[in-house]
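Data block below; observations after.
The values are calculated or read from the model by the stated rules, or taken from the named source; none is laboratory data. From a predicted model like this one, the values you see are computed outputs, not experimental measurements. Every residue, glycine as well, gets a Cβ built from its backbone with ideal geometry; the counts of neighbours run over all protein chains shown.
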Amino acid sequence: MSYTHCHFGNSMVNADIYLLQICATQLSPTLVLPTIFERFHVMELLSMNPLLKSNFLEGEQESTMLESCLMFIASLMSIRTNIGANESDLDRLEMVSLLCMSDRTHSQLMELLPKKCWAPQNKDFDAILAQVADYKARNFEASGSKQQGMYAPKAVVWEQIRSRIP
């Protein structure tokens, strides 16, 4: 079992991310980003100088560490679990993110939404789903079998996303 396994989710990983987010907001960006790059040993990879070579990493390790570093920075900037937003807003955001990737069934959405260690499953799940998604009724395939009904983001969700893009 790894540190990022779902059992550790909100109890440890998110608390660590939250602590790092607080620290990053209190420090200068000129200190935070270089420190992260140094800890991941990718500072040389970000240089335009082809003569600089990482003494710590070799071959495929370089691209793996750079990818991990960039994913870490993206996580620091995007995980909003502990920023004071209420549970319904976080669930809505998560549901919209899942639906914008592809249409989903009710059971897929229930399964893919993160489980909270300290709280039961969101009792507002169906209400939030009704706000953000339209139900597409079951279809029949050419073979005569039924497909499950799917939920797709409402047009207003797409408009809200489009309005936020600069």
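Quick one: what pairs do we get from segment 98-114, first residue on the phi < 0 side of the Ramachandran plot, second at pLDDT 90 or above and among the charged types (D, E, K, R), C-beta under 8 Å, 6+ apart or different chains?
Pairs found: 98/104; 112/104.
So which of 66, 45, 99, 129 ends up being part of a helix (DSSP H, G or I), buried (at least 16 other Cβ atoms within 10 Å of the Cβ) and modelled with pLDDT under 85?
Just a single option satisfies the conditions, and that option is 45.
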